[in-house]
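*Asks:* Structure provided below as structure tokens; questions to follow.
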Amino acid sequence: MADVNRGNRPLSPHLQVYRLPMAAVTSIMTRITGHALVAGILLLVWWLVAAVTGPEAFAAADWVVRSWIGFIVLTGSAWALWFHTLAGIRHLFYDSGQLLRIEEAERASWAIIIGSVVLTLLSLILFFFA
Amino acid sequence: MRYITPRKAAMGLGSAHSGTADHWFLTVSSCALVLLVPAFMLVIGNAIGMSHPELVAYFGRPYPALITALFIVVGMVHFIKGTRIMIDDYFQHTARKVAIIVSVVFSWAVIAAAVFALAKMTLVTVAI
């Protein structure tokens, strides 16, 4: 065993210490945001159904929508929706064979992250000040 | 070497038996959703904060009602196909079948609830 070269061999990524590339991080985030959006849609559909159920039902749903819980769920949903939308647009580029080089995929990942935060802030500004 | 001929590999539309239909549906619906997402967010942003009668009248109007209905129908069917990819990745055997059934039934229940609410708000507005 003495002559075995232990320092110079290619290793498969060790998952606990492997730093995921940004393209992998944003890919996983796309799946998470897509599924998490169910919370926002349930809140809004409950609110719409309550509006045709009666005044008490609407008062309860509207209170939740306008409370800090509703603010967190809906702002989170707005960010998730923008993120998922931008990532979906990138998928259309991927499917047409573009943005697949490592540097391009890395840059597109940052564009999705920064773009989703900027669009969420713009949405909030539009909501509170327009 | 491959033991099956190219013709045999293409027959029956592959192991999913539906070929690339799901992927193509996600592509088409994602293009629709790129337009529907900002429109839906504007509609909801306008609606939050309204009184009960204002809200019913607002969703009784054609554009808020149609944009909301289209977003929820297209979005939830997109959701069914999206969860299907996740289910196929993480679940096997009976758990996979149960997860697919739960996902489809849940999504159509959400669509039914939203369409009912929007239809009723439109009818109430017409009655006024």
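*Asks:* Under the Karplus relation 6.51 cos²θ - 1.76 cosθ + 1.60, θ = phi - 60°, what is the ordered set of whole-Hz ³J(HN,Hα) values for the stretch B:96-103, x standing for Gly and Pro?
*Replies:* 5, 4, 4, 4, 5, 4, 4, 4
*Asks:* Follow-up question, since we're still on this one. Please give the average number of partner chain Cβ atoms lying within 10 Å of the Cβ of each residue in A:40-46, rounded to a whole number.
*Replies:* On the way: counts 1, 8, 3, 0, 9, 12, 4.
For peptide A:40-46, the averaged partner shielding equals 5.
*Asks:* Using alpha-carbon pairs under 8 Å, 6+ residues apart, how would you state the relative contact order of the stretch B:20-127 in percent? All intermediate terms of the calculation are to be shown ahead of the outcome.
*Replies:* Numbers: 72 pairs, mean separation 40.5, N = 108.
Computed over the stretch B:20-127, the figure is 38 percent.
*Asks:* Could you identify which residue out of A:Arg31, A:Arg107, A:Arg19 has the top mean-square fluctuation in a GNM of chain A using Cα springs shorter than 10 Å?
*Replies:* The residue with the greatest mean-square fluctuation here is A:Arg19.
*Asks:* Can you compute the helix-only [θ] at 222 nm over the protein assembly as shown? Use -39500 (n - 2.57) per DSSP H run of at least 4 residues, normalise by all residues, nearest 500 deg cm²/dmol. Walk me through the intermediate numbers first.
*Replies:* Numbers: 9 runs with 202 residues, N = 258.
So the calculated ellipticity at 222 nm is -27500 deg cm²/dmol.
*Asks:* Same structure again: Kindly point out which whole DSSP H helices in chain A project their C-alpha atoms 30 angstrom or further along the helix axis while averaging a Kyte-Doolittle hydropathy of 0.0 or above. Don't skip to the answer; put the middle values down first.
*Replies:* Values: long enough: A:22-51 (43 Å, 1.69); A:68-95 (39 Å, 0.89); A:102-129 (40 Å, 1.58).
Both cut-offs are met by A:22-51, A:68-95, A:102-129.
*Asks:* Relative to the present Cα-Cα distance, how much length would full extension add between A:Glu56 and A:Tyr94 at 0.36 nm per residue of separation? Display every interim value, and only then the final one.
*Replies:* On the way: separation 38, 0.36 × 38 = 13.68 nm, distance 4.87 nm.
Once the chain is fully extended between A:Glu56 and A:Tyr94, it gains 8.8 nm.
*Asks:* Provide a whole-number value for the mean count of partner chain Cβ atoms within 10 Å of the Cβ atoms in peptide B:17-28. Let's see the in-between values first.
*Replies:* Working: counts 0, 0, 0, 0, 0, 0, 1, 0, 0, 3, 4, 0.
Mean partner-chain Cβ count within 10 Å for B:17-28: 1.
*Asks:* On to the next question. In whole Å, what three semi-axes, largest first, describe the equivalent ellipsoid of the protein assembly as shown built from its Cα gyration tensor (square root of 5 times each eigenvalue)?
*Replies:* 41, 24, 17
*Asks:* Would you please put B:110-122, A:60-72 in order of how densely packed they are, using the mean number of other Cβ atoms within 10 angstrom per residue and starting with the highest?
*Replies:* Details: B:110-122: 18.7, A:60-72: 14.5.
So the peptides B:110-122, A:60-72, ranked by packing, come out B:110-122, A:60-72.
*Asks:* Can I ask one more? Specify the residue with the greatest mean-square fluctuation among A:Ser96, A:Ser77, A:Ser12, computed from a Gaussian network of chain A linking alpha-carbon atoms under 10 Å apart.
*Replies:* Comparing A:Ser96, A:Ser77, A:Ser12 in the GNM, the peak value goes to A:Ser12.
*Asks:* Using θ = phi - 60° and the Karplus curve 6.51 cos²θ - 1.76 cosθ + 1.60, what whole-Hz ³J(HN,Hα) does each residue of the stretch B:22-33 get, with Gly and Pro shown as x?
*Replies:* So the Karplus estimates, Gly and Pro as x, are 5, 4, 5, 4, 4, 5, 5, 5, 5, 5, 4, 6 Hz.
*Asks:* Separate question: Just the Cα atoms of chain B, one point each, no solvent: what log10 I(q)/I(0) does Debye give at q = 0.11, 0.14, 0.17, 0.20 Å⁻¹?
*Replies:* Per q value, in the given order, log10 I(q)/I(0) is -0.55, -0.76, -0.96, -1.13.
*Asks:* Moving to a separate point now. For A:His35 and B:His23, FRET efficiency with R0 = 25 Å and r from the beta-carbon atoms, rounded to 0.05?
*Replies:* Details: r = 18 Å, r/R0 = 0.73.
Between B:His23 and A:His35 the formula returns 0.85.
*Asks:* Provide the gained length on full extension for the span A:Leu126 to A:Arg107, in nm with one decimal, where the gain is 0.36 nm per separating residue minus the Cα-Cα distance. Don't skip to the end; give the middle numbers.
*Replies:* Working: separation 19, 0.36 × 19 = 6.84 nm, distance 2.77 nm.
Stretched fully, the A:Leu126-A:Arg107 segment lengthens by 4.1 nm.
*Asks:* At a Förster distance of 35 Å, what's the computed FRET efficiency of A:Trp63 paired with A:Leu11, Cβ-Cβ distance as r, to 0.05? List each step's numbers first, then the result.
*Replies:* Values: r = 56 Å, r/R0 = 1.59.
Calculated value: 0.05.
*Asks:* Further, regarding this structure: By how many nm would the segment from B:Gln92 to B:Asn46 grow when fully extended, if each residue of separation counts as 0.36 nm and the alpha-carbon distance is taken off?
*Replies:* On the way: separation 46, 0.36 × 46 = 16.56 nm, distance 4.36 nm.
Working it through step by step, the gained length comes to 12.2 nm.
Readers should treat all values here as calculations from the given coordinates under stated rules, not as data from a laboratory. Note that this is a predicted model, so its numbers are computed, not measured. Don't worry about glycine lacking a Cβ; one is built from the backbone with ideal geometry, like all the others, and counts go over all protein chains shown.
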